[in-house]
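Comments concern the structure below.
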Amino acid sequence: MKPKFLLIVFLFLSLKSFSQNYIPMNLDTSCYWVNDFHYYDGFSGSPFSCTGETTSYVEKDSLINNTNYKKVITYSSSDFTSSINTIQMKFQCYSKAPKNISIFLREDTIQKKIFYLVDFLSGQELELLDFGLNIGDSVHSTASMSPIVDSLSIVNFNGINRNVIFSTAGIVGLYSIIEGVGASYNFPLGGYGEWLMPIFALKCYSKGGQILYGDTSQPCLKRPAIAVSTKDVFKNNFTLTYSNNSFQINNPNNEKLNIVLLDLTGNKIISETTNSIYYQSKIANSISTGIYFLQVGNEKGRVVKKIIVE
């Protein structure tokens, strides 16, 4: 009986030591997460994947409903490539890329949780991460459909021992919640592709200029944003301008040009041709307000612009 008693004591002390070493995130404006972005869509008629990189950072404190939140912004920090090298698939790829998306997070160090503000008026929150989970608990996160905690461990990341919660998250396999860092998938921003595959995979995390997770030989800071609002994918001997729901084409070589307007899902809204030296057209009032892609060109090349119809 004595060995069994000692084993119970050892397990108790192990679990106690795991919980005692809690490291809060203490989010501030020096926090940066860089994620690999991968979106796969097999239901769009032409299955494709879109890959790139995103950067998230804490912009400032925000007092909402007398509660202090951290405003976190996520943006595209690399060009985005599609598995199908066509203009339409590039449109779809650009439409999936984050463009300065803002979310508001709150850390509760007593509960060891990170909350996401869902509704500004009601103050409704969503539990994003729980660093106090135990084996057998369900993970309420954006990684998968409530995976179960498989194990708890202490892992050294870049010289610092951190408590890590492991679970199996569907198609992606191993998913981890790392104290003081966040999660291996879908943090701070979350999203899914087909088969509930998380879109964001953590590449590195830094705070105060120190890389706390990821390759220390590579920078993990606020990276330059990549403009995805306007994408000139080819150069040509004509110019395209757009303003006030009207676009103009200067075509000094009288080339035959195809004009296509597509919505964010790649559906054609307008399709016409012109070989005029100067062409002007007003987008019909019957088109709904919103964001569209205007494509002008021919077999020699095309110009693509993202426009807003008001």
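The values are calculated or read from the model by the stated rules, or taken from the named source; none is laboratory data. As the structure is a computational prediction, the values presented were derived from the model and not from experiment. Here Cβ is always computed from backbone atoms with ideal geometry, including for glycine, and neighbour counts include all displayed protein chains. We work out accessible area using only protein heavy atoms, side chains counted, and drop any ligands, DNA or RNA first. Shrake-Rupley method; radii C 1.70, N 1.55, O 1.52, S 1.80 Å.
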Scope region 254-287; condition part of a loop (DSSP other than H, G, I, E, B) and closer than 16 Å to Ser243 by Cα; matching residues = Ile283, Ala284, Asn285, Ile287
message = Of the conditions (1) open to solvent by 50 Å² or more (accessible area, probe 1.4 Å); (2) modelled with pLDDT of 80 or more, Leu261 satisfies every one except a single condition; which number is it?
response = (1)
message = Condition check: among the small types (Gly, Ala, Ser), open to solvent by less than 20 Å² (accessible area, probe 1.4 Å) and assigned to a strand (DSSP E or B). Does Ser153 satisfy that?
response = no
Criterion: more than 21 Å from Met25 (Cβ to Cβ) and among the charged types (D, E, K, R) - qualifying residue of Asp215, Asp119, Asp130, Asp108 = Asp119
query = Taking region 119-143 as the search range and keeping residues that are part of a loop (DSSP other than H, G, I, E, B), exposed (fewer than 15 other Cβ atoms within 10 Å of the Cβ) and of a type in the set (S, T, N, Q), which one is modelled with the lowest pLDDT?
reply = Ser122
inquiry  = Consider region 95-136. How many of its residues are touching a Ser or Thr at 6+ places or on another chain (Cβ under 8 Å), among the basic types (Lys, Arg) and farther than 21 Å from Phe37 by Cα?
reply    = 1
request  = Check whether at least one residue in region 162-185 is of a type in the set (Phe, Trp, Tyr), on the phi < 0 side of the Ramachandran plot and in contact with a Leu (Cβ under 9 Å, 6 or more places away or on another chain), and report yes or no.
outcome  = yes
message = If I filter region 107-118 down to residues being among the hydrophobic types (A, V, I, L, M, F, W, C) and surrounded by fewer than 18 Cβ atoms within 10 Å (Cβ to Cβ), which single residue comes out as modelled with the lowest pLDDT?
response = Val118
request  = Working carefully through the options Asp61, Asp36, Asp28, find the one that is at pLDDT 90 or above, more than 14 Å from the chain's Cα centre (by Cα) and part of a strand (DSSP E or B).
outcome  = Asp61
task = Test Val9 against the stated conditions and say whether it is among the aliphatic types (A, V, I, L, M) and at pLDDT 85 or above.
result = no
key: Count of residues meeting criterion [surrounded by 19 or more Cβ atoms within 10 Å (Cβ to Cβ) and either hydrophobic (A, V, I, L, M, F, W, C) or in contact (Cβ under 8 Å) with a residue 60 or more places away in the chain (or both)] in region 74-84   = 5
note = Scanning region 167-208 residue by residue, those open to solvent by 40 Å² or more (accessible area, probe 1.4 Å) and in a strand (DSSP E or B) turn out to be Thr168, Leu174, Tyr185, Tyr192, Lys203, Lys207
note = When region 88-106 is checked residue by residue, the ones that are part of a helix (DSSP H, G or I) and either among the hydrophobic types (A, V, I, L, M, F, W, C) or modelled with pLDDT of 90 or more (or both) are Met89, Phe91, Cys93
